[in-house]
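Taking it in order: structure first as structure tokens, then the write-up.
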Amino acid sequence: MKALAAAALFVGLPALAQTPEAKPLEPGRENLAIPYEKYTLPNGLEVILSVDRKLPVVAVNVWYHVGAYDEQPGRTGFAHLFEHMMFQGSKHVPDDVHIGMLEQAGATDLNGTTSYDRTNYYETVPSNLLETALWLESDRMGFLLDALTQKKLDTQKEVVKNERRQSVETAPYGEAQEKAWQALFPPPHPYSGNVIGSMKDLDAATVDDVKAFFRKWYAPSNATLAIVGDFDPAKAKALVEKYFGTLPSGPKPQRPDVKPVRVTRETVIRHDEKVATLPLLTLSWLTAPYLKPGDATADVLASALSTGRASRLYRRLVLDKQLAQSVTASQQSQGAQSVFSIEAVARPGVTTDTLKKEIDAVLDEVRKNGVTQEEIARMRTRYDTYQLAGLQTVGGLGSKSDKLQSYNQYVGEPSYIAQDLARYQDITPDAVKQFANDVLRPDARVVLHAVPSAGQAAPSSAPGKEAR
């Protein structure tokens, strides 16, 4: 399913200038709209309220419209580092008890995540404890700097550096994939830096840097608060006014205005893999931003290529020719530009060049003939199921509160789910064929060969020969 990159606590772009043109809704889909009310406090804080009385719980979901996209060169990782700092205590909340207080209150779906386009914090609590959750969120929004110390910063810098070691430097293919990503988005493009940052930049972060980042990006004018679940709207509004209405704010910060990147030749990276024991091949292209024309088409093709045993790449590489241990295709949707990737892990004795030849053969078939209507229908069913299942829960990633926030950020309309699903209605085999020809060109991609050294590679099942 669609990949939206994020680094979680355990591990946007401004709202798009124009809402994508909505296609007419299919019969029966008119009722998919999520009832909500949206208003703005005088200090600029956006508030979204949506009542759902299925269960006696309520989700509190705060999005700060800042991510790795907004960082300055030499200061990568600040958005994610700040996600950690937000759990370390504020003026009226003792150090390291934010999570404990919520857990003692029965909170679930409690976390924070950072992506290139936004940072969010969320928890689901029993309905009678809504005030507790709002108080905690307001205290760290308004009074975090009162409790920020060098010791806390140093501690969290080490935590994040350890995350980087685990997720990049000692992870299979971690450094190789970082190289490929930076080839797609060369510096100084704001997507170039890893969301988690670099060791050099994390080491260089000072208390003054962090305070300046907070003052600019964590103001109420750059945040949206969503409350979803079993609550009384009038009482919720009073609580929001009580805990957030008096927080000072400044003007909404301007996000970077960056021209789209273009890849105009095939860029090949051959990486000496130090961790994994099997070769990895990745092919990546720059594609349309999230919810823009072409984004849904990329989803359809990704599904046709690698979702399920009958998918084209899985059937050819894994089942029929037994060249790959695994193969995936995905559209990683983002606010400025997205990335379409095909990733295959070779079986012992198989080279990445062989995988590339076979993948290109499958892509050539799509460029010539497109995909079938049945493949499109299967993808639509999967996406419908995934999106609609999320509406059954009020809190957590992919939930009703998360969807309201996401659509609000990217198109300015929180209840955009029916229009989102409708994007897939008119996709045809010819549209997928055109996408494969126009976008997935051999001269517009980054090709990564991550190959273990001879001593690191897994033993071949047929020494000296490639498996067939």
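The values are calculated or read from the model by the stated rules, or taken from the named source; none is laboratory data. The shown structure was predicted, so the numbers you read here are calculated from the model rather than taken from an experiment. Cβ atoms come from the backbone with ideal geometry, glycine included; neighbour counts cover every protein chain shown. We work out accessible area using only protein heavy atoms, side chains counted, and drop any ligands, DNA or RNA first. Shrake-Rupley method; radii C 1.70, N 1.55, O 1.52, S 1.80 Å.
Looking only at segment 168-195, count how many residues are closer than 16 Å to Val275 by Cβ and of a type outside the set (Val, Ile, Thr).
Within segment 168-195, residues that are closer than 16 Å to Val275 by Cβ and of a type outside the set (Val, Ile, Thr) number 11.
Which residue pairs have Cβ atoms closer than 8 Å, lie 6 or more positions apart in sequence or on different chains, and pair a first residue in segment 186-209 that is within 16 Å of Met85 (Cβ to Cβ) with a second residue that is open to solvent by 40 Å² or more (accessible area, probe 1.4 Å) and among the polar types (S, T, N, Q)?
The qualifying pairs are Ile196/Ser167; Val207/Thr149; Val207/Gln150.
Hey, can you tell me all the residues within segment 122-138 that are open to solvent by less than 50 Å² (accessible area, probe 1.4 Å) and touching a Phe, Trp or Tyr at 6+ places or on another chain (Cβ under 8 Å)?
Matches in segment 122-138: Ser127, Leu130, Leu134, Glu137, Ser138.
Test Lys292 against the criterion of being open to solvent by 10 Å² or more (accessible area, probe 1.4 Å), of a type outside the set (A, V, I, L, M, F, W, C) and either within 21 Å of the chain's Cα centre (by Cα) or modelled with pLDDT under 95 (or both), and give yes or no.
So Lys292 fits the description; yes.
Looking for whichever is in contact with a Pro (Cβ under 6 Å, 6 or more places away or on another chain), surrounded by fewer than 21 Cβ atoms within 10 Å (Cβ to Cβ) and modelled with pLDDT of 95 or more here; the options are Val275, Val263. Which one fits?
One residue alone meets the criteria, Val275.
Any idea which of Ala79, Ala68 is modelled with pLDDT of 90 or more, crowded, with 21+ Cβ neighbours inside 10 Å, of a type in the set (A, V, I, L, M) and in contact with a His (Cβ under 8 Å, 6 or more places away or on another chain)?
From the options Ala79, Ala68, the qualifying one is Ala68.
One line per residue, one yes/no per condition, for (1) in a strand (DSSP E or B); (2) over 24 Å from Pro172 (Cα atoms); (3) modelled with pLDDT under 95; (4) out of contact with any strand residue (DSSP E or B) (no Cβ under 6 Å at 6 or more places or on another chain):
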site: Leu305; (1), (2), (3), (4): no, no, no, no
site: Leu317; (1), (2), (3), (4): no, no, no, no
site: Gln325; (1), (2), (3), (4): yes, no, no, no
site: Gln331; (1), (2), (3), (4): yes, no, no, no
site: Leu355; (1), (2), (3), (4): no, no, no, no
site: Glu358; (1), (2), (3), (4): no, no, no, yes
site: Val371; (1), (2), (3), (4): no, yes, no, yes
site: Thr385; (1), (2), (3), (4): no, yes, yes, yes
site: Gly395; (1), (2), (3), (4): no, yes, no, no
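Can you tell which of Leu448, Leu404 is aliphatic (A, V, I, L, M), within 22 Å of Trp63 (Cβ to Cβ), at pLDDT 95 or above and outside any loop (DSSP other than H, G, I, E, B)?
After applying the criteria, what remains is Leu404.
What are the residues in segment 219-277 that are closer than 18 Å to Thr124 by Cα and small (Gly, Ala, Ser), if any?
Ala226, Gly229, Ala236
Name the single residue that is modelled with the highest pLDDT among those in segment 103-121 being open to solvent by less than 50 Å² (accessible area, probe 1.4 Å) and either within 19 Å of Lys235 (Cβ to Cβ) or more than 25 Å from the chain's Cα centre (by Cα) (or both).
Start the filter on segment 103-121 by keeping residues that are open to solvent by less than 50 Å² (accessible area, probe 1.4 Å), which leaves 105-107, 110-121.
Still in the list and also either within 19 Å of Lys235 (Cβ to Cβ) or more than 25 Å from the chain's Cα centre (by Cα) (or both): 105-106.
Numbers: Ala105: 89, Gly106: 92.
Applying the filter and picking the extreme gives Gly106.
Out of segment 142-184, which residues are out of contact with any helix residue (DSSP H, G or I) (no Cβ under 7 Å at 6 or more places or on another chain) and surrounded by 19 or more Cβ atoms within 10 Å (Cβ to Cβ)?
If the condition is that a residue be out of contact with any helix residue (DSSP H, G or I) (no Cβ under 7 Å at 6 or more places or on another chain) and surrounded by 19 or more Cβ atoms within 10 Å (Cβ to Cβ), then Gly142, Glu163, Tyr173, Ala176, Gln177, Ala180, Trp181, Leu184 are the ones that fit.
Tell me the residue from Gly74, Gly28 that is open to solvent by 20 Å² or more (accessible area, probe 1.4 Å), among the small types (Gly, Ala, Ser), over 23 Å from the mean Cα position of the chain (by Cα) and at pLDDT below 95, please.
Only one candidate passes the filter, namely Gly28.
Within segment 320-338, how many residues turn out to be at negative phi and open to solvent by 60 Å² or more (accessible area, probe 1.4 Å)? Let's see the steps before the verdict.
Quick first cut of segment 320-338, residues at negative phi only: 320-321, 323-338.
Now restrict to residues that are open to solvent by 60 Å² or more (accessible area, probe 1.4 Å): 320-321, 325, 328.
Matching residues across segment 320-338 total 4.
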